[in-house]
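Participant: Supplied in structure tokens, the structure appears directly below.
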Amino acid sequence: MTATILTVDDDIQMQEMLHLFLTNAGFHVLQAYNGEQCLAHLRSKQPDLILLDIQMPDMDGITLCRRIRSLFQLPILFLTGKLQIEDKLNSLQSGGDDYMTKPFDPLELIARVKSHLRWGMLLAETKEPGRKLVFPGLEIDMERLMVTANGKPVILLAKEMHLLLTLAQNQHRVYHPRQLYELIWIDPAGYSSDIIKVHINRLRKKIEVDPMTPKFIHTVRGFGYKFDSTEY
């Protein structure tokens with residue numbers, strides 16, 4: 001089945017270029033030139049992934065991403081002409097899964113898109129009928145891919161879920177950020193420790209009682225991260 005990509009950018013030339021790259025790679029493409037058009041597409045078309053520009057009039061990409069995340073759960077890849085690390089971090093903290101800086105290599109763009117689309121299929125393959133990972137204050141249903149933290153259901157994005165599963169299924173093992181990136185993003189060339197840091201922080205906010213004093217996902221200074229429900 002052909003995946004549908006929604007491109008959101010007010011630049012007509014960029015839209016034409018994205019349409020060319022994506023259709024040549026076999027994707028169906030929807031286009032939106034502002035935030036309201038994007039939200040209208042999401043309500044009626046349900047694309048599989050969004051390519052989202054940060055700098056747009058009326059509603060910038062960061063604000064739009066927050067609105068999307070309050071309504072829909074699908075991969076969002078930011079395309080940004082800004083080089084400041086603050087803008088990149090803001091794109092992830094708003095709910096984005098990844099970012100690419102313009103100008104970009106078309107082959108790398110397609111590789112990133114395919115990588116993000118794979119996660120829905122990979123998560124489906126991780127389902128294990130009847131199996132649950134149970135820790136004090138946290139339960140992961142491996143069949144339904146549902147998480148309950150402190151007695152309340154938690155909605156996780158695909159990469160957050162895979163990050164949690166990777167750590168929780170290997171309790172006490174310390175992972176370097178690069179290891180986590182290569183396992184979950186499957187894209188060594190795009191590695192950034194900031195991407196892992198932001199996703200860890202987002203995950204902590206969803207499953208920890210106090211994200212500043214985590215009970216489950218711990219930072220091992222100088223090395224990386226580990227899941228340890230016995231350390232608290």
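All of the numbers you see were taken from the coordinates with simple rules; none came from a lab. All of these numbers come straight from a predicted model, not from anything done at the bench. Neighbour counts are summed over all protein chains in view; Cβ atoms, including those assigned to glycine, are modelled from backbone coordinates with ideal geometry.
Participant: Write out the trypsin sites (Lys or Arg not before Pro) in segment 163-232 meeting two conditions: DSSP loop, and at most 13 other Cβ atoms within 10 Å of their Cβ.
Facilitator: On the way: sites: ARG173, ARG178, LYS197, ARG202, ARG204, LYS205, LYS206, LYS215, ARG221, LYS226; in loops: ARG173, LYS215, ARG221.
Those that pass, being in a loop and sparsely packed, are ARG221.
Participant: Rounding to the nearest 10 and keeping the result within 0 to 90°, find how far the Cα-based axis of helix 193-207 lies from the longest principal axis of the chain.
Facilitator: 60
Participant: Sticking with this structure for a sec: Round to a whole angstrom and tell me the spacing of the C-alpha centers of segment 175-220 and segment 54-102.
Facilitator: 18
Participant: Tell me which label goes with the value of semi-axes √(5λ) of the Cα gyration tensor in Å computed from the coordinates here: (1) 77, 39, 17; (2) 31, 22, 16; (3) 31, 19, 17.
Facilitator: Correct label, based on the coordinates given: (3).
Participant: Let me ask you something else. Report the full-extension gain for the segment ASN150 to ILE12: residue separation times 0.36 nm, less the Cα-Cα distance, to one decimal in nm. Numbers along the way, then the final one.
Facilitator: On the way: separation 138, 0.36 × 138 = 49.68 nm, distance 4.73 nm.
Value of the extension gain: 45.0 nm.
Participant: Here's a follow-up. Got a sec? How would MET59, MET212, MET100 order by Cβ neighbour count within 10 Å, fewest to most? The partial results should precede the final answer.
Facilitator: Numbers: MET59 15, MET212 6, MET100 18.
Arranged by neighbour count, lowest to highest, MET59, MET212, MET100 become MET212, MET59, MET100.
Participant: For the chain, the longest stretch holding no GluC sites (Glu not before Pro) located in a DSSP loop with at most 13 other Cβ atoms within 10 Å is which? Before the final figure, lay out each step's value.
Facilitator: On the way: sites that count: GLU143, GLU231.
That gives 1-142 as the longest site-free run.
Participant: Still on this structure: Which value in nm describes the separation of the simple spin-label points at THR230 and ARG131, placed 7 Å from the Cα toward the beta carbon?
Facilitator: 2.1
Participant: Could I ask something else about it? Suppose every Lys and Arg Cβ carries +1 and every Asp and Glu Cβ carries -1, with no other charges. What dipole size does segment 126-227 come out with about its Cα centre, to the nearest 20 debye?
Facilitator: On the way: 16 positive and 10 negative charges, 38 e Å.
Once rounded to the nearest 20, the dipole reads 180 debye.
Participant: Less than 20 Å apart at the alpha-carbon level, and either on another chain or at least 8 residues along: which lysines does that give for LYS215?
Facilitator: LYS132, LYS152, LYS197, LYS205, LYS206, LYS226
Participant: Continuing with the same structure: Kirkwood Rh and Cα-based Rg: tell me the resulting Rg over Rh for segment 1-76, rounded to two decimals. Write down the numbers at each step before the final one.
Facilitator: On the way: Rg = 11.6 Å, Rh = 12.3 Å.
Looking at segment 1-76, the ratio lands at 0.94.
Participant: Need one number: nm distance between label points at ASP58 and GLU139, each 7 Å from Cα along Cα→Cβ, rounded to one decimal.
Facilitator: With each label point 7 Å from Cα toward Cβ, the separation is 4.5 nm.
Participant: Right, another one. Quote the FRET efficiency, to the nearest 0.05, computed for ALA189 versus GLN73 with a Förster distance R0 of 35 Å and r equal to the Cβ-Cβ distance.
Facilitator: Numbers: r = 27 Å, r/R0 = 0.76.
Step by step, r from the Cβ atoms, then E = 0.85.
Participant: Here's something else I'd like to know. Just going by the charge dipole of the chain, with Lys and Arg at +1 and Asp and Glu at -1 on Cβ, which of GLN169, GLN37, PRO47 is farthest out on the positive end?
Facilitator: Result: GLN169.
Participant: Could I ask something else about it? Just rank LEU51, LEU42, fewest to most, by other beta-carbon atoms within 10 angstrom.
Facilitator: Details: LEU51 24, LEU42 20.
Ascending Cβ contact count within 10 Å gives the list LEU42, LEU51.
Participant: While we're here: Counting other Cβ atoms within 10 Å, keep those with at most 14, restrict to DSSP loop, and tell me which trypsin sites (Lys or Arg not before Pro) in segment 1-110 are left.
Facilitator: Working: sites: ARG43, LYS45, ARG66, ARG67, ARG69, LYS82, LYS88; in loops: LYS45, LYS82.
Listed in order of number, the matching sites are LYS45.
Participant: If one takes the longest principal axis of the Cα atoms in the chain, at what angle in degrees, from 0 to 90 and to the nearest 10, does the Cα axis of helix 158-168 lie?
Facilitator: That helix lies at roughly 20 degrees to the long axis.
Participant: Further, regarding this structure: How large is the Rg to Rh ratio of segment 126-227 when both quantities use alpha carbon positions and Rh follows Kirkwood? Let's see the in-between values first.
Facilitator: Numbers: Rg = 13.1 Å, Rh = 13.9 Å.
Rg divided by Rh gives 0.94.
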